[in-house]
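Structure, as structure tokens:
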Amino acid sequence: MNAVVVRTRAVIGLAVALASAGVALTATVANAATIETIAKQAILLDLTSNTVLFEKNADERMAPSSMSKIMTAYLVFEAIKGGRLTLESTLPVTERAWRMQGSKMFVELHNNIKVDDLLKGVIIQSGNDACIVLAEGLSGSESAFAAQATKRAKELGLTGTNLTNATGWPDPNHYMTARDLAILAEHLIKDFPEYYHYYSTREFKYHGITQGNRNPLLYRGMNVDGMKTGHTDAGGYGLTASGEREGRRLLLVVNGLPSMQARADESARLIEWGFREFATYALFKGGETIEQVPVWLGEQETVPVSVPKDLNVTMARADRVGMKVSLVSNAPVAAPIKKGDVVGKVLITAPGFPGKEVPVVAAQDVEKLGFVGRAFAAAKYLVFGAKS
């Protein structure tokens, strides 16, 4: 069968090859452009297209330090969404929380503090004491909270995570991976957009003490709006950061850097590289008809096909010129066909780009012909052969 060319606004020249092929959805890694980093662990994602732009030891266990407070905030946001807490709820300060060392919000012993203030203490001031108040308030004890956090991490797909506390306090059994932190951060951004603003707040005053947000990229005018720093002797200096430009959101996790200055400079360099060297291209809207695929023994001769959700692809800008988008399908597709049935795949290729495959589904039902119709179609095929 001759290839059909479909023109769209997003892609010039969509070659549609109708041939026997299986369908597989593969994770995309845009690895044409390369960069090195002094970070011990790192991963850079384009969340708009779910594409890994760069990674280094991303599945290596590491001490996440205060970056694991992202999970503490996540569980609090879930509790608020589930009706167990409100931002105006108050939680008591125990002696254990009051005595907690490290970075502090400076909670007052036996005081009752609003959840809204405690969240600001955790996210902006990195307060270990605020974490303990929230953990004890939600789960009765920090150890019970940590067990709940580890369980929730597994449910979210964080396969390299085990949490023993709510703060990131040094513990050899308290670990995450850079990839897990990226997955968690993405969940928080997407699951709780109404609370993400906490991460871009630059300072918070509590108990007469004003503290600035520790994320150095918030002050560099580079459209970064989150998320969390971390530092321990075991983990080095780390940062989980996210920013958005022109509809693209990048997410970076780095750890194992030697100093605060290196953390700031290296994080800024990696994010700028991601925005500069790569671009995200919108190919198809979810549900938009891509092509009509031939049907065998159906009440109609073709079925419209589409992608289930918006299809965006991220690749190095230099590779865009050679990008090809092909629809590969088992054609003709035998009736009956149900709306949503997978009938092929969209294949995106380009020089230096590892490729991306996305399933294509039927956009409507197609019933099977009755006995007479099938007999007529078979006779027609024997006489005239298949269309080309």
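What to note about this one:
- Sequence of 124, 189 once ranked by neighbouring C-beta atoms within 10 Å, starting from the fewest: 189, 124
- Of the residues 251, 163, 87, the one that moves most in a GNM of the chain with alpha-carbon contacts below 10 Å is 87.
- Treating r as the C-beta distance of residue 364 and residue 318 and R0 as 35 Å, the FRET efficiency rounds to 0.35.
- A full extension of the chain between residue 78 and residue 171 corresponds to an added length of 30.9 nm, given 0.36 nm per residue minus the alpha carbon distance.
- Here the 3J(HN,Hα) profile of segment 295-309, calculated from phi with Karplus coefficients 6.51, -1.76 and 1.60 at θ = phi - 60°, is 10, 9, 6, x, 5, 9, 7, 9, 10, x, 10, 8, 9, x, 9 Hz, Gly and Pro shown as x.
- Based on Cα contacts under 8 Å between residues 6+ apart, the chain shows a relative contact order of 20 percent.
- Over the chain: helical MRE at 222 nm, DSSP H runs n ≥ 4 each giving -39500 (n - 2.57), nearest 500: -8000 deg cm²/dmol
- Placing unit charges on the Cβ atoms of the charged side chains and taking the dipole of the chain about its Cα centre, the candidate lying farthest along the positive direction among 283, 333, 161 is 333.
- The fewest-to-most ranking of 265, 180 by surrounding Cβ atoms within 10 Å reads 265, 180.
- For segment 39-257, a simple Cβ point-charge model (Lys and Arg +1, Asp and Glu -1, everything else neutral) yields a dipole of about 220 debye relative to the Cα centre.
- Global form of segment 101-219, assessed from the alpha-carbon gyration tensor, a/c cut-off 1.5: oblate
- The region of the chain that goes longest without hitting one of the GluC sites (Glu not before Pro) in a DSSP loop, each with at most 16 other Cβ atoms within 10 Å, is 109-193.
- Beta bridge orientation in the chain: antiparallel %, DSSP, nearest 5: 90 percent
- Across segment 325-333, coupling constants 3J(HN,Hα) worked out from phi with the 6.51/-1.76/1.60 Karplus curve, θ = phi - 60°, read 10, 10, 9, 10, 9, 7, 10, x, 8 Hz, and Gly and Pro carry x.
- Approximating the spin labels as points 7 Å out from Cα along Cα→Cβ, the residue 245-to-residue 50 distance works out to 2.5 nm.
- Cβ-based exposure ranking for 37, 210, 86, in which fewest neighbours within 10 Å come first: 210, 86, 37
- Considering only 332, 92, 193, the mean-square fluctuation computed in a Gaussian network model of the chain, springs between alpha carbons under 10 angstrom, is largest for 193.
- Amide hydrogen neighbours beyond the local backbone of residue 278, cut-off 5 Å, H modeled: 317
- Contact order for segment 39-257, expressed relative to its length and based on alpha carbon pairs under 8 Å spaced 6+ residues apart, stands at 28 percent.
- Cα shape, segment 50-109, gyration tensor, a/c 1.5 rule: oblate
- Amide H contacts of residue 111 (H built 1.01 Å from N, under 5 Å, at least 5 apart or other chain): 93
- Full extension of the segment from residue 269 to residue 233, taken as 0.36 nm per residue of separation minus the current Cα-Cα distance, would add 10.6 nm.
- For residue 344, nonlocal amide neighbours, meaning residues 5 or more places apart or on other chains whose placed amide H falls under 5 Å from its own, are 360.
- Which listed pairs, of 190/356; 151/228; 120/190; 228/324, have C-alpha distances above 30 Å, in listed order: 228/324
- Inter-probe distance in nm under a simple model that places probes 7 Å from Cα toward Cβ, at residue 262 and residue 285: 4.9 nm
- If you sort the three axes of the alpha carbon gyration tensor as a ≥ b ≥ c, you get a/c of 1.5 or more for segment 45-178 and a/b above b/c, which makes it prolate.
Each reported figure results from applying straightforward, stated rules to the coordinates on display, with no laboratory input. In this text, all values refer to a predicted model and were calculated from it rather than measured experimentally. Note that each Cβ is placed from the backbone with ideal geometry, even for glycine, and that neighbours are counted across all protein chains shown.
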